[in-house]
Amino acid sequence: MKATQLSVRPILATDLEPVIALDRHYTRQSRRGFFEQRWQAMARGPAAVIALAVDRGDDLVGFLLARILDGEFGGTAPVALLDALGVATDAQRQGIGSELMRTLIDEVRARGGREVRTQAPWHQRGLFDFFAQSGFLLAPRMVLERNTLEVNW
C-alpha cells in the first residue's frame, strides 16, 4: 500500500473493538474504558472530536483520536489534543501514520485551530521519532505530576 492509495475515513461505532485490539498490541494492556469514553464523547458531541481510521481490505490498520479544546492553555484558538494513534505492525512504514497526521492537521485548520498537542511515554522512541518527522517540537512547558497516595504536608 502506497501513501497515494490510502483512504482515511471517519471512525465508526463498529471500529471500537478493532481499535482496542490494535492499541492493546502496543500498550500491552486493554484500555477499553478509555476508548469507550471516547466513543461516548463522539456520540454526544462529534464536533469536539476528530476520529480517523484507515482500512486495508476489511481490516482496520490505523487510527487516530483527538479532542478539540477551545480556550485551554491560555490560548484564544482551538487546540487539538492527540489522545491515541496506532498503526498495525505489518502496515507500518507505508505512510499510514503520516496520512492520518496530515488529515488531522487539515481538520484542525478547518476548525480554526492552530496547534496539535500530545504526549508520549519516554521509552517509546519510535513514537517520538514519528512525532519529530511529523513536525512536533518539545513544548516550552513542563508536565508535572504528583502522586496523591503519598501525603507529605
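The values are calculated or read from the model by the stated rules, or taken from the named source; none is laboratory data. Everything numeric in this text was worked out from a predicted model, so none of it was measured. Cβ coordinates were reconstructed from backbone atoms using ideal geometry, including for glycine residues, and neighbour counts include every protein chain displayed.
Points to keep in mind about this one:
- Residue within segment 87-106 that is assigned to a strand (DSSP E or B) and either modelled with pLDDT of 95 or more or under 24 Å from Leu6 (Cβ atoms) (or both) present: yes
- Criterion: touching a His at 6+ places or on another chain (Cβ under 9 Å), more than 18 Å from Val8 (Cβ to Cβ) and of a type in the set (Ser, Thr, Tyr) - qualifying residue of Thr76, Thr89: Thr89
- Some residue of segment 72-85 being surrounded by 15 or more Cβ atoms within 10 Å (Cβ to Cβ), farther than 25 Å from Val143 by Cβ and at pLDDT 90 or above: no
A quick yes/no check of all residues on (1) under 22 Å from Thr76 (Cβ atoms); (2) touching a helix residue (DSSP H, G or I) at 6+ places or on another chain (Cβ under 9 Å); (3) surrounded by 14 or more Cβ atoms within 10 Å (Cβ to Cβ); (4) charged (D, E, K, R):
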position	(1), (2), (3), (4)
Ile96	no, yes, yes, no
Val108	yes, no, yes, no
Thr118	yes, yes, yes, no
Trp122	no, yes, no, no
Phe128	no, no, yes, no
Ala132	no, no, no, no
Pro140	yes, no, no, no
Arg146	no, no, no, yes
Glu150	no, no, no, yes
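- Residue satisfying all of: in segment 11-23; surrounded by fewer than 15 Cβ atoms within 10 Å (Cβ to Cβ) and under 16 Å from the mean Cα position of the chain (by Cα); nearest to Asp90 (Cα to Cα) among these: Ala21
- Residue, modelled with the highest pLDDT, within segment 113-131, restricted to residues that are charged (D, E, K, R) and part of a helix (DSSP H, G or I): Asp129
- Within the set Thr76, Thr103, the sole residue that is β-branched (Val, Ile, Thr), out of contact with any Ser or Thr (no Cβ under 6 Å at 6 or more places or on another chain) and over 26 Å from Gly126 (Cβ atoms) turns out to be Thr76.
- Which numbered condition Ala80 misses (of (1) out of contact with any Gly (no Cβ under 6 Å at 6 or more places or on another chain); (2) of a type in the set (A, V, I, L, M); (3) in a strand (DSSP E or B)): (1)
- Reported count of residues in segment 38-70, each being surrounded by 12 or more Cβ atoms within 10 Å (Cβ to Cβ) and in a helix (DSSP H, G or I), is 5.
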